[in-house]
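The values are calculated or read from the model by the stated rules, or taken from the named source; none is laboratory data. A quick note: this is a predicted structure, and the numbers were derived from the prediction, not measured. For neighbour counting, all protein chains shown are included, and Cβ atoms are generated from backbone atoms with ideal geometry for every residue, glycine included. For accessibility, only protein heavy atoms count, side chains too; no ligands or nucleic acids. Shrake-Rupley method; radii C 1.70, N 1.55, O 1.52, S 1.80 Å.
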Amino acid sequence: MTGGPELYGFPPPGMLPDLRWLGPDYVSVLVYDLTRGLLRQDTGTRVMGVRCEGEPELTAAVDPAGVIRAHDVTFRLQIFVRDGAGRPWRLTGSWTYSGRELGTPTASITHFWQLHSAEAV
């Protein structure tokens, strides 16, 4: 990601085979989705850095045949941004992806952000 934010603490994709449902580079997907969400709130926002605070929390559910069809993964993050007015902020929270009906034609992946704190830096 040339010219993108600095990234810290994310485990290499090869170490997390259970995240293949997010694609070959889950970090790029996460940063892209996160940035789009922040830009919807303030079109002048610039993401400067994203720090993953520990191992992602993974959960899976199986269908009646014993096939995994649902995955959730939560990342505890610190996000360093500069808002549209040029003020720097550190956002702390959890970013979650939820995959449902994976491996079927009706598969869906949603995501959401839970803000824990916002601190001017």
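Structure notes:
- Every pair of residues 6+ apart whose Cβ atoms lie under 8 Å, when the first sits in the stretch 50-70 and is closer than 18 Å to V29 by Cβ while the second is aromatic (F, W, Y) and open to solvent by 50 Å² or more (accessible area, probe 1.4 Å): V50/Y8; V50/F80; R51/Y8; R51/F80; C52/Y8
- Every listed requirement among (1) closer than 21 Å to G9 by Cα; (2) surrounded by 15 or more Cβ atoms within 10 Å (Cβ to Cβ); (3) among the hydroxyl-bearing types (S, T, Y) is met by T45 save one, (1).
- Candidates G103, G99, G86, filtered to the one that is assigned to a strand (DSSP E or B) and either more than 20 Å from Y32 (Cα to Cα) or touching a Leu at 6+ places or on another chain (Cβ under 9 Å) (or both): G99
- Of the residues making up the stretch 36-88, those that are under 28 Å from R100 (Cβ atoms) and among the β-branched types (V, I, T) are V47, V50, T59, V62, V67, I68, V73, T74, I79.
- Residue list for the stretch 63-97, filter: touching a strand residue (DSSP E or B) at 6+ places or on another chain (Cβ under 7 Å), open to solvent by 70 Å² or more (accessible area, probe 1.4 Å) and more than 24 Å from T43 (Cβ to Cβ): I68, R76
- Subset of the stretch 28-42 that is touching a residue at least 40 places away in the same chain (Cβ under 8 Å) and under 22 Å from P17 (Cβ atoms) - its residue that is most open to solvent (accessible area, probe 1.4 Å): D33
- Scanning the stretch 78-111 for residues that are under 17 Å from the mean Cα position of the chain (by Cα) and more than 21 Å from R20 (Cβ to Cβ) yields Q78, I79, F80, V81, R90, L91, T92, G93, S94.
- Restricting the stretch 1-27 to residues that are small (G, A, S) and farther than 12 Å from P56 by Cα, the residue that is surrounded by the fewest Cβ atoms within 10 Å (Cβ to Cβ) is G3.
- Restricting the stretch 41-57 to residues that are out of contact with any Leu (no Cβ under 8 Å at 6 or more places or on another chain) and of a type in the set (G, A, S), the residue that is modelled with the highest pLDDT: G44
- When the criteria are applied in full, R100 fails the requirement of being under 26 Å from G3 (Cβ atoms), in contact (Cβ under 8 Å) with a residue 12 or more places away in the chain and surrounded by 15 or more Cβ atoms within 10 Å (Cβ to Cβ).
- Subset of the stretch 1-40 (residues that are assigned to a loop (DSSP other than H, G, I, E, B), modelled with pLDDT of 95 or more and over 12 Å from F75 (Cβ atoms)): P5
- All conditions in (1) small (G, A, S); (2) surrounded by 13 or more Cβ atoms within 10 Å (Cβ to Cβ); (3) modelled with pLDDT of 95 or more hold for A60, with the sole exception of (3).
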